[in-house]
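Below: one structure, written as structure tokens.
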Amino acid sequence: MLDALSLLQQRHSAPSRQLGEPAPDAATLRSLLEAAIRVPDHGKLVPFRLIALRGEAKLTFGALLAERAIRRDPDLPESKREKERQRYTFAPLVIAVVARIDHDAGILEIEQKLCAGNVAYNILLGAYALGFGAQWLTGWAAYDAEVASLLGLSEQECVIGFVHIGTPQAEIPDRDRPRLDDLFSEWRG
């Protein structure tokens, strides 16, 4: 296992199309998710929940999303239709990270969504630390009312992302990263 700073310096996403079996076993997944939910949470609202998609249910979910994508855009080229049909066939496990917004809590909605986003990122970090690959995807499905209904979300809930998890099936090269000197400054008043 990597030390914490090395983990942060080396972490990268593995494209979901390059993820296959195995996924974390039940005990490993439980440990990963227990760690992932240890996030900053203003007001202790726990403004998130997790939905696992795997096996036949994941494939059914993916097929329903592909049908929805084609209905949304009847002119979708065949190459993009096929991409939609295949999206949930690669990674053996997908975790839908859902934000649960409490509008009466006195905590800004953005802070509640950021809390849920931290859960998604912790899943990425934890999966990488355990030797798995993961990719956080959103796309149109994260913002679609029919998809929210399909997942059984309430009106106060929204998808933050779909985290695809599995074992990389090929070497994943790192991408170019921004230079810290281009991003960091010190405020001097």
*Of all residues in the range 44-66, which are free of Cβ contacts under 8 Å to residues at least 40 places away in the same chain and within 20 Å of Val119 (Cβ to Cβ)?*
Lys44, Lys58
*asked:* Quick check on the range 153-189: of everything there that is touching a His at 6+ places or on another chain (Cβ under 8 Å), open to solvent by 40 Å² or more (accessible area, probe 1.4 Å) and of a type outside the set (Asp, Glu), which residue is modelled with the lowest pLDDT?
replied: Arg175
*Check Asn118 against each of (1) over 12 Å from the mean Cα position of the chain (by Cα); (2) assigned to a helix (DSSP H, G or I); (3) crowded, with 17+ Cβ neighbours inside 10 Å and name the one condition it does not meet.*
(1)
*Scan the range 134-143 for residues that are open to solvent by less than 30 Å² (accessible area, probe 1.4 Å) and either of a type in the set (Val, Ile, Thr) or out of contact with any helix residue (DSSP H, G or I) (no Cβ under 7 Å at 6 or more places or on another chain) (or both) and jot them down.*
Ala142
*What are the residue pairs meeting all of these: first residue in the range 7-30, first residue of a type in the set (D, E, K, R), second residue open to solvent by 40 Å² or more (accessible area, probe 1.4 Å), Cβ atoms under 8 Å, and 6 or more apart or on different chains?*
Arg11/Tyr128; Arg17/Gln86; Arg17/Phe90
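The values are calculated or read from the model by the stated rules, or taken from the named source; none is laboratory data. All figures in this text were calculated on a predicted structure; none of them were measured in a lab. Here the Cβ is made from the backbone with ideal geometry for all residues, glycine too, and neighbour counts use every protein chain on show. Heads up: the accessible areas ignore ligands, DNA and RNA and are worked out on the full protein's heavy atoms, side chains in. Shrake-Rupley method; radii C 1.70, N 1.55, O 1.52, S 1.80 Å.
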